[in-house]
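Enquirer: First the structure, which I've put down as structure tokens, then a few questions once you've had a look.
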Amino acid sequence: MLRKAFAFFRRDLTIARSYRMAFALEILEAFFGVATFYYLSRFVSTGQLTRAFPPGTDYFAFALVGFAFFDYLTVSLSAFDNSIIEARQNGTLEAMLVTETPLTVILASSASYPFVVLALRTIIYLAWGALLFHFPIRAANWLGAVIVLIASILAFAGLGIVSTSYLLLFKRGNPARWLIVGASGLLGGMMYPVSVLPRPLQWLARLIPVTYSLEGMRQALLAGAGLIQLWPSVRALILFSGILLPLSSLIFAWALRRTKIAGTLTHF
Amino acid sequence: MQASAIVIEDLGKYFPVAQRGWRALLNPFSPLTQPALSGVSFQVESGAVTALIGANGSGKSTLLRILATLLVPTRGRARVAGYDVEREAPQVRAQLGFHSATDGGFYGRLTAHENLDFFAAMNSLFGRQAAERIEEVTELMGLAAFLESQVRTLSTGQVHRLGLARAMLHRPSVLLLDEPTRSLDPMAASDFRRFLRTELVERRGTTVLFASHALAEVEQLADRVALLDSGRLVACDSPWGLRRATGAATLEQALERLTLRGQQAEVSL
């Protein structure tokens, strides 16, 4: 399984290397994103707002973590979809499906490269923030952040597989992805604390994994919280993955069978 | 008598009728009413070459795709190398090589070598073993001249050869080929037929089921011919047996007579 995942990673890396300018532009794009957040935070920061965050941090740090780590949700949702879309378009889906590698392994392995690239992008975001805009990284509990991140990716992967099941069946226009990203953006606390939402929405926010992911990540990176303090967020994310991964696998297996019955597996 | 590598019993495949507009919205999973295969039964012996022939839309590709586990049959069953295509699909895929009629299915920005390396890994071939197999198929299919070129720069015929090489990379015991020589030049097609007959079938004992419209190729390669017409199996015999049964001088004549006979039988029903 690992050697196959590496084969996918090497494939995607070789293809990406053939587009050399894209990577350089991505580093530059990250700089513009971080700079925009910094000046926005200077504009909106007030004494009251600053007191809402852990000592030594501010709205810039809060928003940068939200912005950088919300991407893990969007990539989890798009990585599986994109692997199917691209493979359908260049005709490699059928060629892969007649090998002994099951589609679930193909999907999981296809996501390896996007996640590594995303990790690099996150590091670039945080590095720009720390180097130029006083993002506080000294207090961070990096081990705790990695644990929250892994638990988050597992929980988001379940949502990604549901989204891909829709794509397998209906080819394009993915309301599952739109709904998940939209609701998570509104309720998950990406750009503002969940506590500013009306109470019913705060309650709804507790039902989506990204809320726990961003909470845990901010605690680990900005407040340097220990593993005991991070446990409630990690526990919630493990619970989400425990439910979403088996459920999404069942939905995916059903969707795959439907497309094999209808003969639309390679249609796009 | 040799065991059968492919067993097809009463196989049927129906597709849903494509819906448009509000009908598609209200009924996304329409019933399977469009027949593609109906009551097809035959066997392919181990180490034999069987040709699937028939007009466009007769069900040849559908049958090959069911055997390749890309489609689920509506009824009946099929076994490849002793495994059920529906219930034991992973085991079936480990035994077969499949070459689709549509040229392509490669990563254009990777070289031919990098593509083969990737698909070798998909078939659990890594490191030295993968390198040896790639070298082997490179020699057999004459890929050396363009092995390090990006696939997007190759001609249709070269991509086709690469596709055939990929299908044989893991030395499958059963090879399913949909129009294997379609895009090849006459010399390459002739070389491939010779290689298929002598190397794959006679030396390695590979079982081959291929679809083709080229009757000369069918006559040269096939031990048996399965004729499909509108999704039904009209005849399955050796080329000589088909000619004898119809009193025809050529295979083409024999097929014309068999197809006509089938259509007349349908009308009289």
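The values are calculated or read from the model by the stated rules, or taken from the named source; none is laboratory data. Small disclaimer: the values here were computed from a predicted structure and weren't measured. Here the Cβ is made from the backbone with ideal geometry for all residues, glycine too, and neighbour counts use every protein chain on show.
Enquirer: Please verify whether residue A:53 is more than 14 Å from every other protein chain (Cβ to nearest Cβ), within 20 Å of residue A:188 (Cβ to Cβ), in a loop (DSSP other than H, G, I, E, B) and at pLDDT below 85, treating the condition exactly as stated.
Expert: yes
Enquirer: With respect to residue A:163, is the statement that it is crowded, with 21+ Cβ neighbours inside 10 Å, touching a residue at least 24 places away in the same chain (Cβ under 8 Å) and under 30 Å from residue B:164 (Cα atoms) true?
Expert: In short, no.
Enquirer: Now for a separate question. Which residue, of B:188, B:167, B:254, is in contact with a His (Cβ under 6 Å, 6 or more places away or on another chain), assigned to a helix (DSSP H, G or I) and either surrounded by 16 or more Cβ atoms within 10 Å (Cβ to Cβ) or touching a residue at least 60 places away in the same chain (Cβ under 8 Å) (or both)?
Expert: B:167
Enquirer: For residues that are touching a residue at least 24 places away in the same chain (Cβ under 8 Å) and within 14 Å of another protein chain (Cβ to nearest Cβ), tally how many sit in the stretch B:26-56.
Expert: 4
Enquirer: Keeping to the stretch B:117-149, report how many residues are on the phi < 0 side of the Ramachandran plot, of a type outside the set (D, E, K, R) and facing another protein chain (nearest Cβ under 8 Å).
Expert: Summing the residues that are on the phi < 0 side of the Ramachandran plot, of a type outside the set (D, E, K, R) and facing another protein chain (nearest Cβ under 8 Å) in the stretch B:117-149 gives 6.
Enquirer: Suppose we filter B:118, B:98 for residues that are free of Cβ contacts under 8 Å to residues at least 60 places away in the same chain and among the aromatic types (Phe, Trp, Tyr); which single one remains?
Expert: One residue alone meets the criteria, B:118.
Residue by residue, here is whether (1) modelled with pLDDT under 85; (2) away from chain B (no Cβ under 14 Å); (3) part of a loop (DSSP other than H, G, I, E, B); (4) closer than 28 Å to residue A:8 by Cα holds:
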residue	(1), (2), (3), (4)
A:95	no, no, no, yes
A:99	no, no, yes, yes
A:105	no, no, no, yes
A:108	yes, no, no, yes
A:115	no, yes, no, yes
A:135	yes, yes, yes, no
A:139	yes, yes, yes, no
A:144	no, yes, no, no
A:147	no, yes, no, yes
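Enquirer: If I filter the stretch A:10-44 down to residues being crowded, with 18+ Cβ neighbours inside 10 Å and farther than 29 Å from residue A:135 by Cα, which single residue comes out as farthest from the other protein chains (Cβ to nearest Cβ)?
Expert: A:12
Enquirer: Would you point out which residue out of A:183, A:225 is surrounded by 15 or more Cβ atoms within 10 Å (Cβ to Cβ) and more than 12 Å from residue A:148 (Cα to Cα)?
Expert: A:183
Enquirer: Every residue in the stretch B:215-243 that is among the small types (Gly, Ala, Ser), crowded, with 20+ Cβ neighbours inside 10 Å and over 13 Å from residue B:63 (Cβ atoms), please.
Expert: Result: B:222, B:235.
Enquirer: Same structure again: Would you call residue A:194 within 23 Å of residue A:108 (Cα to Cα), more than 14 Å from chain B (Cβ to nearest Cβ), under 23 Å from the mean Cα position of the chain (by Cα) and not hydroxyl-bearing (Ser, Thr, Tyr)?
Expert: No.
Okay, residues lined up against (1) farther than 21 Å from residue B:221 by Cβ; (2) away from chain A (no Cβ under 12 Å); (3) outside any loop (DSSP other than H, G, I, E, B):
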| site | (1), (2), (3) |
| --- | --- |
| B:69 | yes, no, no |
| B:76 | yes, yes, yes |
| B:86 | yes, no, no |
| B:101 | no, no, no |
| B:105 | yes, no, no |
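Enquirer: Restricting to the stretch B:133-151, name every residue that is without any contact (Cβ under 8 Å) to a residue 24 or more places away in the chain, hydrophobic (A, V, I, L, M, F, W, C) and farther than 10 Å from residue B:112 by Cα.
Expert: B:145
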